[in-house]
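Have a look at the structure below, then the notes.
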Amino acid sequence: MLTYEELKKNPRKFVALTSLTPEEFDYLLPAFERAYLMVYPASKTMAGKKRKRKAGGGRKGALANIEQKLLFGLVYQKSYPVQSIMGELFGMGQTQANEWIHSLLPILKQALDDLGYEPERDPKKFKESEQTRKDAATSIIDGTERRRQRPKDAKNRLCTTVARRKFIVTRT
């Protein structure tokens, strides 16, 4: 099972799985925790009901602490593995991994936005938002167009697409 405590001891592996160094992870963690507590306050259950017992009681889940939750979100964002693989990595089933993915990704997005690292998605606002950044001169847009040779005839194009799909299906 992948744990934060074990992974932070190996910085190369940490970067390979999350794209962040342990120091960058520690910088992101407080913002993630604030965003998490706004969505899931300690006084309420995950379902949004008032707690009858103190928070932390009961069985400990696979993502028991906030570091594990952030690690889970970052590993998913880095490689987009199938949910069953995420479950295996973090010691849970596919269904539970699905629930965590859908609950943690908006929180991770909010934390990145709070720190000013969320990219601008609206092309019309991109220029304005980049001009307000102090490091705008060093920003780049990563995009490459590559020519693809495709048949001009629609019938041949369809045949090529069908053949490619058959090839993919037979390879897997």
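The values are calculated or read from the model by the stated rules, or taken from the named source; none is laboratory data. Bear in mind that the values here come from a model prediction, so they are computed numbers and not experimental data. As a convention, Cβ positions derive from the backbone with ideal geometry for all residues, glycine included, and neighbour counts pool all protein chains shown.
Structure values in brief
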{"quantity": "Identity of the residue in segment 45-84, touching a residue at least 12 places away in the same chain (Cβ under 8 Å) and among the charged types (D, E, K, R), that ends up surrounded by the most Cβ atoms within 10 Å (Cβ to Cβ)", "calculated": "K69"}
{"quantity": "Within segment 56-76, tally of residues that are in a loop (DSSP other than H, G, I, E, B) and either small (G, A, S) or in contact with a Phe, Trp or Tyr (Cβ under 6 Å, 6 or more places away or on another chain) (or both)", "calculated": "7"}
{"quantity": "Filtered residue count, segment 44-55, keeping only those that are under 23 Å from A31 (Cα atoms) and part of a loop (DSSP other than H, G, I, E, B)", "calculated": "5"}
{"quantity": "Search result, residues across segment 1-50 that are of a type in the set (G, A, S) and under 15 Å from I66 (Cβ atoms)", "calculated": "A31, A35, A42"}
{"quantity": "Any helices (runs of 4 or more DSSP H) falling wholly within segment 77-172 and containing at least 1 residues that are modelled with pLDDT under 65", "calculated": "154-171"}
{"quantity": "Residues satisfying the stated conditions in segment 51-76, i.e. modelled with pLDDT of 85 or more and of a type outside the set (G, A, S)", "calculated": "L63, N65, I66, E67, Q68, K69, L70, L71, F72, L74, V75, Y76"}
{"quantity": "The lone exception for L2 - which of (1) crowded, with 17+ Cβ neighbours inside 10 Å; (2) within 27 Å of R121 (Cβ to Cβ) it fails", "calculated": "(2)"}
{"quantity": "Total residues in segment 9-27, condition free of Cβ contacts under 8 Å to residues at least 60 places away in the same chain and under 24 Å from G93 (Cα atoms)", "calculated": "3"}
{"quantity": "Hits in segment 85-102 - residues which are crowded, with 16+ Cβ neighbours inside 10 Å and touching a residue at least 40 places away in the same chain (Cβ under 8 Å)", "calculated": "L89, F90"}
{"quantity": "Criterion: part of a loop (DSSP other than H, G, I, E, B), farther than 20 Å from F90 by Cα and at pLDDT 80 or above - qualifying residue of P30, P41", "calculated": "P41"}
